[in-house]
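Take a look at the structure set out below.
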Amino acid sequence: MPLPMSKSVRAPVEQLYRAIIKHHFLTDSPPPEGPIPEGRFGSQRVLPPLLSEMGVEIRYHLARAEPWLRNGWKVVTRRPDFYPEGTVIDAPEFFAAADRIFAQYGVLVSRGAIIIPPAEAGEIGVSYGFDGTSGNVEIKLSNVTKVTTEVLAEIELRKLYLDWFHSGNRWISNYDRYVLSFESTTRGNFEYHHCAALRPGFLPPAFENPPESVPPHVGVQMRNMPEHTTQHMRNSDPQWMLATAKEIADHLDLDLLVYGHPNGCVIPEEGYKTTWNPARPDKHLARELGYLKSCRLMLSPDSGLADLMAWLEIPTLLEKVLHPGEFTCLAAGFRPKLRAVDRIRPIGAQADELLAVEGCVLPDDKPPPDYIDPRRFPWEP
């Protein structure tokens, strides 16, 4: 009889399917014999990037990379302005190649895991038998299309990493194992990736020494992700955000500055000061980090910007919060000031209250619900 599958067992079972299918493809087309060519970085001590969203890079990755950077390693990243000067290697060709793989296989990346919708691989059934000296296990998966697509994408990504990062003189590190472990995407595995946040011991160089200065201001960013992605549910209401941000700025007698990049945010065409300069797109993040030094309060969507505000200790009102407990992990290390907007109460009073608070403020002090049974974790596989 197939056994009911707990969420924490689904992940390794799905991983087993992936491993078997991957073995099939690799055996069907074995790699060429002989030594593996040195990667483009040669024997340099370079850390591969975390292919994930900004919030995860801030919550978990910067602090994980920091000890390596202090020991002379360098890191590849999409966001070099977050890291200490001299620790980043620019590799736009690598990310362009990774993006082509994502587009080819329909990959989304979240918390360092490959995600190809739907969230789970289908119905999984397990049957087994043991006689004291031997045993057998039979696993049935109702639909292998998703798992097979993940496998093909993972194979291509690993080839890409070899092309850039392989070196016969470089030992595999624990950092590599974390970044290169493309995990299963079931809800059980989400729990493994959702861990305590770690605050890095540094701040972005452009924040500490702004390349450009602006007057004290209220900031606002408006999220605008494509409708065909799973992220559009957190998109902003631009009219409400602009009107509310202006009301806050007027109440505090400060300028209003609209933050964001047109790839993922709404940028007003006229009537507002913005951080976006189409003539200088390459320096956009550094400029924004410098401007944030003068930001007294931010009106933010429920996005990675909220994590950035927690890191920089900028009081932030959140447009909406779909999962309030998601921010609880920031409390111990980051001590953020994050509060969800109450659309009934006067917004000026909410801004005053947040600015007056000393210490940590969170939308909710309760952690998110367990996706696996904590009475069994971590002993359950």
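What is the residue count in the range 327-353 for residues that are more than 22 Å from Arg59 (Cα to Cα) and assigned to a helix (DSSP H, G or I)? Give the steps one after another, and end with the answer.
Keep residues of the range 327-353 that are more than 22 Å from Arg59 (Cα to Cα), which gives 341-353.
Filter again for assigned to a helix (DSSP H, G or I), leaving 347-353.
Residues meeting the conditions: 7.
Looking at (1) in contact with a helix residue (DSSP H, G or I) (Cβ under 7 Å, 6 or more places away or on another chain); (2) at pLDDT 95 or above; (3) more than 18 Å from Leu180 (Cβ to Cβ), find the lone condition where Arg70 falls short.
(1)
Arg100: outside any strand (DSSP E or B), free of Cβ contacts under 8 Å to residues at least 12 places away in the same chain and either within 22 Å of Tyr178 (Cα to Cα) or out of contact with any strand residue (DSSP E or B) (no Cβ under 7 Å at 6 or more places or on another chain) (or both), yes or no?
yes
Taking the criterion of being at pLDDT below 90, part of a strand (DSSP E or B) and basic (Lys, Arg), would at least one residue in the range 131-140 satisfy it?
Yes, the range 131-140 contains at least one residue that is at pLDDT below 90, part of a strand (DSSP E or B) and basic (Lys, Arg).
Kindly evaluate Ser43 against the criterion of being touching a residue at least 60 places away in the same chain (Cβ under 8 Å), within 30 Å of Cys329 (Cβ to Cβ) and not assigned by TED's automatic domain parsing to the domain that holds Pro301.
Values: touching a residue at least 60 places away in the same chain (Cβ under 8 Å): yes; within 30 Å of Cys329 (Cβ to Cβ): no; not assigned by TED's automatic domain parsing to the domain that holds Pro301: yes.
The answer is no for Ser43.
Of the numbered conditions (1) at pLDDT below 90; (2) closer than 21 Å to Arg177 by Cβ; (3) touching a helix residue (DSSP H, G or I) at 6+ places or on another chain (Cβ under 8 Å), Gly39 fails exactly one; give the number of that condition.
Single failed check for Gly39: (1).
Mind counting the residues in the range 63-82 that are more than 16 Å from the chain's Cα centre (by Cα) and either without any contact (Cβ under 8 Å) to a residue 40 or more places away in the chain or in a loop (DSSP other than H, G, I, E, B) (or both)?
Qualifying residue count for the region: 8.
Check the range 364-372 and report whether any residue there is under 16 Å from Met298 (Cα atoms), out of contact with any Pro (no Cβ under 6 Å at 6 or more places or on another chain), modelled with pLDDT of 65 or more and assigned to a loop (DSSP other than H, G, I, E, B).
Of the residues in the range 364-372, the ones under 16 Å from Met298 (Cα atoms) are none.
No, there is no match, as no residue in the range 364-372 is under 16 Å from Met298 (Cα atoms), out of contact with any Pro (no Cβ under 6 Å at 6 or more places or on another chain), modelled with pLDDT of 65 or more and assigned to a loop (DSSP other than H, G, I, E, B).
Can you name the residue in the range 157-190 that is among the acidic types (Asp, Glu) and surrounded by fewer than 18 Cβ atoms within 10 Å (Cβ to Cβ) and, of all such residues, is modelled with the highest pLDDT?
We begin by selecting, within the range 157-190, every residue among the acidic types (Asp, Glu); these are 163, 176, 183.
Retained after the next criterion (residues that are surrounded by fewer than 18 Cβ atoms within 10 Å (Cβ to Cβ)): 163, 176.
Working: Asp163: 94, Asp176: 87.
Only one residue fits best here, namely Asp163.
On the given criteria, is Pro30 surrounded by fewer than 17 Cβ atoms within 10 Å (Cβ to Cβ) and either outside any loop (DSSP other than H, G, I, E, B) or not β-branched (Val, Ile, Thr) (or both)? Don't jump to the end; show me each part of the working.
Working: surrounded by fewer than 17 Cβ atoms within 10 Å (Cβ to Cβ): yes; either outside any loop (DSSP other than H, G, I, E, B) or not β-branched (Val, Ile, Thr) (or both): yes.
Yes; evaluated as a whole, the condition is true for this residue.
Quick check on the range 83-97: of everything there that is touching a helix residue (DSSP H, G or I) at 6+ places or on another chain (Cβ under 6 Å) and assigned to a helix (DSSP H, G or I), which residue is nearest to Pro211 (Cα to Cα)?
Here is the first cut: in the range 83-97, the ones touching a helix residue (DSSP H, G or I) at 6+ places or on another chain (Cβ under 6 Å) are 85, 87-88, 94, 97.
Keeping just the survivors that are assigned to a helix (DSSP H, G or I) gives 94, 97.
Values: Phe94: 27, Ala97: 31 Å.
Going through the qualifying residues, I end up with Phe94.
To keep it simple, each residue is scored yes or no on (1) at pLDDT below 95; (2) β-branched (Val, Ile, Thr); (3) in contact with a Phe, Trp or Tyr (Cβ under 6 Å, 6 or more places away or on another chain).
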site	(1), (2), (3)
Asp255	no, no, no
Val266	no, yes, no
Leu297	no, no, no
Gly304	yes, no, no
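Inspect the range 18-38 for any residue being of a type in the set (Val, Ile, Thr) and under 30 Å from Cys329 (Cα atoms) and give the result as yes or no.
From the range 18-38, those of a type in the set (Val, Ile, Thr) are 20-21, 27, 36; that's our starting set.
Among the residues that remain, those that are also under 30 Å from Cys329 (Cα atoms) are: none.
Checked the range 18-38: no residue is of a type in the set (Val, Ile, Thr) and under 30 Å from Cys329 (Cα atoms).
Inside the range 234-278, can you point out the residues that are out of contact with any Leu (no Cβ under 8 Å at 6 or more places or on another chain) and either among the charged types (D, E, K, R) or outside the structural domain of Glu288 (by TED's automatic domain parsing) (or both)?
Hits for the range 234-278 are Asp237, Glu247, Asp250, Asp253, Asp255, Glu269, Glu270.
The values are calculated or read from the model by the stated rules, or taken from the named source; none is laboratory data. Since this is a predicted model, take the numbers as computed values, not measurements. Positions of Cβ are generated from backbone atoms using ideal geometry, with glycine treated the same way; all protein chains shown enter the neighbour counts.
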